[in-house]
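Here's the structure, in structure tokens; my notes come after.
The values are calculated or read from the model by the stated rules, or taken from the named source; none is laboratory data. Computed from a prediction, not measured in an experiment: that's the story for all the values here. Cβ sites come from the backbone with ideal geometry, for glycine too, and all protein chains shown count toward neighbours. Please note that ligands, DNA and RNA were not included when accessible areas were found on the heavy atoms of the full protein model with its side chains. Shrake-Rupley method; radii C 1.70, N 1.55, O 1.52, S 1.80 Å.
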Amino acid sequence: MVQGLLCIVVIYAAGAVAVQLAWRFCGRRLSGEKHYILHTLNDQRHVEWAVRSLTLFGWLSGRPVSITIVDEGSTDDTLAIVRCLSRRHELNIRSAAEADAAEIATVCAKDAKASCAETIRIRLYRPEELAKLPLIVR
């Protein structure tokens with residue numbers, strides 16, 4: 001009886017892995033990378049959640065996600081949080097002075113892993129723009 005239950009669990013796990021791998025490989029061919037540009041201004045309460053939400057979305061969907069953080073002069077701990085997150089997640093960090101639209105497009109084009117077919121700008125300090133983030137329960 002225990003062997004039968006173990007067999008069912010192993011088959012279920014193998015099926016889940018097969019579906020995830022198929023989704024990742026087919027999804028990459030069918031759709032390009034999403035590039036999110038997150039503008040921050042004293043967003044220490046939201047920035048970690050936003051970055052983790054985007055990376056989870058990329059992992060679940062099997063679609064690569066790149067994130068650029070553009071800080072517009074935060075005086076709180078936003079930059080410290082972003083630097084800490086950049087140790088675990090691949091983030092491009094820019095200040096508002098050095099990041100204009102042309103430069104961000106150039107950074108995106110130079111990224112060897114991505115084509116950056118779709119770019120989404122989100123200003124975290126505007127509540128109405130938080131709805132652009134995936135995985136938000138409305």
Within segment 36-46, count every residue that is open to solvent by 50 Å² or more (accessible area, probe 1.4 Å) and in contact with a Lys or Arg (Cβ under 9 Å, 6 or more places away or on another chain). 1
Considering residues of segment 47-99 that are assigned to a strand (DSSP E or B) and charged (D, E, K, R) only, the residue surrounded by the fewest Cβ atoms within 10 Å (Cβ to Cβ): R94
